[in-house]
Amino acid sequence: MAKNLKPLMTTPRFSPAKGQQVIVVCDSAAITAGDISGVLTALKSLSSDRSSAMSAEGAVTLVFHGYDNDPRELEAIPEVRAWFARLFEAWPYWSFFASRIDQTVPLVLTMLLSGEAVAGEPGMVGWSFDLDELKPLLLELFGHQNELIERLEIGEDVNERVTHDFLEAAQAFFN
């Protein structure tokens with residue numbers, strides 16, 4: 001079942017206002033075929049130079065098409081998880097680019113954390129995972145972010161702000 005794109009929190013306090021939202025469409029046909037090439041090409045264009053990266057920082061929203069009739073949450077669908085793991089291996093810069101004002105940060109985290117769907121309140125499903133896996137995942141994400149920042153000569157001030165914003169969005173997910 002596709003996630004609703006509802007704001008988790010207000011626009012991060014320290015980020016410059018983004019005039020754009022970058023929608024990355026992940027289609028079920030490509031996912032079933034294990035094909036990350038179309039999405040990967042689009043994502044690589046965002047991280048290819050400093051100007052592109054800065055304009056898309058915190059603005060990338062993931063949208064999955066073709067799963068509306070599937071009762072499972074996206075993170076509970078094995079082929080979606082496998083596809084996203086391949087995408088993450090090829091392009092690991094989610095902590096820099098993931099939108100902080102929708103479900104993209106929690107979606108990225110739940111796709112990368114092993115776990116299981118658990119029933120919550122009537123009609124609600126959550127994702128149960130080992131919290132001990134979260135810290136190593138965050139360290140991995142921020143390691144890739146550091147590499148991107150260094151490669152594109154973006155600056156430590158931006159790195160600190162982006163890290164804070166991502167953690168704030170992740171924390172909103174857990175509260």
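Tabulated data
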quantity	calculated
Of all DSSP beta bridges in the range 22-174, antiparallel share, percent nearest 5	40 percent
Per residue, the convex hull volume that the Cα atoms of the range 129-175 enclose (Å³)	63 Å³
Cα gyration tensor shape for the range 22-174, rounded if a/c is under 1.5, else prolate or oblate	oblate
Linear extension gain, Ala172 paired with Ser55, 0.36 nm per residue minus alpha-carbon span	39.7 nm
For a label point 7 Å along the Cα-to-beta-carbon line of Glu140, residues of the range 46-62 with backbone N under 20 Å	62
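Every number here is computed from the coordinates shown, using simple stated rules; none is lab data. Quick caveat: nothing in here was measured; it's all calculated off a predicted structure. Backbone-built Cβ (ideal geometry, glycine too); neighbour counts: all protein chains shown.
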